[in-house]
Amino acid sequence: MSWYWQNFTLDEMRCKGTGKYPEITDDIATFMDRLQAIRDEAKFPLVVTSGYRSPEYNSKISSTGTTGPHTTGRAVDILIKGDHAYRLTELAFSYGMTGIGIAQKGKTRFIHLDDLTKPGPRPRIWSY
């Protein structure tokens, strides 16, 4: 498998529970291109705490079960806070991220990003 995204490693994008990663499809490549473009413009590190999650692992740790956003390979959680969190949110909108979840309270502060389109109503931005 070829990996083209200089600021993100395949190891950090793998499922933390199983070590699996899906085959790189055009949709996943487009998501990773967006994420790399955001990183390039941000000019600060984007630390991935959760990338791909296998359906079985996601069902153990998330209320989204076996079909949550992370199971597509097109979602990440980025460890971030303060002004960088604000800038990341701004860039996520401008680069077409369609799911932006913000957790900025307590010790674990992160922003979820995805570029999924699902039928029916879906919030574009939400807080945890």
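Below 8 Å between Cα atoms, with a sequence gap of 6+, how large is the relative contact order for the chain in percent?
The value is 21 percent.
Ignoring ligands, DNA and RNA, how do PHE93, PHE110, PHE31 rank by accessible area with a 1.4 Å probe, largest first?
PHE93, PHE110, PHE31
Let me spell out the model: positive unit charges on the Cβ of Lys and Arg, negative unit charges on the Cβ of Asp and Glu, origin at the Cα centre of the chain. What dipole size does that give, in debye rounded to 20?
I would put it at about 560 debye.
Give me the one-decimal Kirkwood hydrodynamic radius in Å for segment 16-66, with the sum taken over alpha-carbon pairs.
Hydrodynamic radius (Kirkwood, Cα only) of segment 16-66 equals 12.7 Å.
Given the chain, what percent of its DSSP beta bridges are antiparallel, to the nearest 5?
80 percent
Per residue, how much accessible area does segment 15-54 have with a 1.4 Å probe, in Å²?
On a per-residue basis, segment 15-54 sits at 48 Å².
Is the shape of segment 57-128 rounded, prolate or oblate, going by the alpha carbon gyration tensor and its root eigenvalues a ≥ b ≥ c, with a/c under 1.5 for rounded and a/b larger than b/c for prolate?
oblate
Looking at the calculated P(r) for segment 1-103, what percent of the C-alpha pair distances fall above 19 Å?
Value for segment 1-103: 41 percent of Cα pairs lie more than 19 Å apart.
What figure, in Å² to the nearest 10, do you get for the accessible area of LEU35 with a 1.4 Å probe and non-protein molecules left out?
Only protein atoms counted, so the area is about 0 Å².
Please enumerate, by chain and number, the aspartates and glutamates with C-alpha under 12 Å from the C-alpha of LYS60, excluding those fewer than 8 residues away in the same chain.
none
Just by accessible area at a 1.4 angstrom probe, what is the order of ARG74, ARG124 from largest to smallest?
Final ranking, largest accessible area leading: ARG124, ARG74.
Cα to Cα, under 23 Å, and not fewer than 8 places away if on the same chain: which lysines meet these conditions relative to LYS105?
Cross-link targets: LYS81.
The values are calculated or read from the model by the stated rules, or taken from the named source; none is laboratory data. This structure is a prediction, so every number in the text was calculated from the model and none was measured. For neighbour counting, all protein chains shown are included, and Cβ atoms are generated from backbone atoms with ideal geometry for every residue, glycine included. Surface accessibility is based on the protein's heavy atoms, side chains included, excluding ligands, DNA and RNA. Shrake-Rupley method; radii C 1.70, N 1.55, O 1.52, S 1.80 Å.
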